[in-house]
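FYI, it's all coordinate maths here, none of it is from the lab. Just so we're clear, the structure is a prediction, and the values are computed from it rather than from any experiment. Cβ coordinates were reconstructed from backbone atoms using ideal geometry, including for glycine residues, and neighbour counts include every protein chain displayed.
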Ligand code: FPP
Ligand code: MG
């Protein structure tokens with residue numbers, strides 16, 4: 001049992017929520033499910049390449065958010081795990097493509113050589129395609145105890161999240177903004193809402209859809225996710241300047257080299273930190289109706305600004 005539910009023996013007072021233990025336990029569950037999702041016995045190149053990137057580690061924040069929201073709204077980890085895995089497959093494929101020479105041309109991801117450095121550009125493109133297709137198949141085939149019409153909603157949400165309104169559209173805007181000196185904070189926010197925010201939002205909202213949560217609740221959780229999504233990106237921009245490549249598991253300082261507009265380049269480091277903290281406070285305020293049950297999502301929001309990688 002995770003410590004959220006633990007009560008102190010004396011007086012029935014709730015024990016302090018231990019985020020590190022919670023994240024570690026959830027990450028282990030997600031790692032196991034991802035490992036099982038792609039059989040190690042498939043020796044063909046494409047399966048090896050898909051496993052290479054999918055099992056390369058990472059914070060697993062998106063799957064953990066999906067599991068947490070599903071539980072918060074009355075569901076179980078088992079109900080949410082296929083969707084959680086699909087979210088990580090989509091996230092991983094977007095990073096494999098983002099690292100390609102045609103895009104960011106990166107050599108390291110999650111502390112390992114990027115997919116195209118190991119398997120070649122052609123296979124890396126197909127690795128991304130394979131993971132994307134498998135994400136949808138995986139949700140459809142493996143989700144248990146969820147009504148079919150809710151599953152259709154999940155698939156539609158995932159499709160919208162990946163497409164021109166989400167990751168793909170955000171990446172195009174991001175590529176087009178490179179080297180431009182006149183990007184405004186509003187334009188930057190719009191890029192990041194699509195490129196990063198939509199998938200984090202989908203992670204949270206999908207957890208609520210799985211339990212058939214009412215629209216009002218989905219909207220509240222979606223607002224929470226939108227604020228942590230933007231805070232996440234601001235912190236990413238800050239870490240690109242302040243953290244080392246070793247800490248990040250990828251090349252640091254790339255934004256300045258690529259002349260990318262970032263929050264620190266527009267606002268400076270201090271204002272960027274304050275803005276991220278305000279967004280996290282706003283996100284946490286949305287969770288007030290949940291009382292103590294909302295503690296995992298509250299703690300994850302705080303983790304977003306405190307993280308070092
Ligand atoms: C990392 O951003 C990249 C993303 C968050 C998403 C990129 C999206 C695509 C490549 C579209 C993928 C295609 C489909 C079909 C979904 P970053 O370069 O700012 O961060 P980094 O420093 O971690 O590389
Ligand atoms: Mg990149």
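What the table shows:
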item	result
Highest-fluctuation residue, 80, 68, 56 considered, GNM on the chain with Cα pairs under 10 Å	56
Within a Gaussian network of the chain (alpha carbon springs, distance under 10 Å), most fluctuating of 74, 229, 294	74
Footprinting exposure proxy for 295, 88 (fewest neighbouring C-beta atoms within 10 Å first)	295, 88
Net lengthening on full extension, residue 118/residue 242 (0.36 nm per residue, minus Cα-Cα)	41.8 nm
The chain, relative contact order in percent, only Cα pairs under 8 angstrom and at least six apart counted	19 percent
Principal axis dimensions, largest first and in whole angstrom, of segment 48-185 by Cα	47, 39, 22
Sequence of 97, 142 once ranked by neighbouring C-beta atoms within 10 Å, starting from the fewest	142, 97
Rounded FRET efficiency, nearest 0.05, which uses the C-beta distance separating residue 59 from residue 292 and R0 of 35 Å	0.90
Among 124, 102, 276, residue whose mean-square fluctuation peaks in a GNM of the chain (springs only between Cα atoms under 10 Å)	102
Percentage relative contact order, segment 222-309, counting C-alpha pairs under 8 Å, at least six apart	43 percent
Average Cα contact separation per residue, segment 98-153, under 8 Å, 6 or more apart, as relative contact order %	18 percent
Projected label distance in nm at residue 40 and residue 78, using a 7 Å step from Cα toward the beta-carbon	2.5 nm
Inter-site label distance for residue 184 and residue 215 at 7 Å from Cα along Cβ, in nm	3.1 nm
Cα-based convex hull, the chain, per residue volume (Å³, whole number)	133 Å³
For segment 210-280, alpha-carbon Rg and Dmax in angstrom	15.5, 46
Residue exposure sequence - 232, 136 - by fewest surrounding Cβ within 10 Å	136, 232
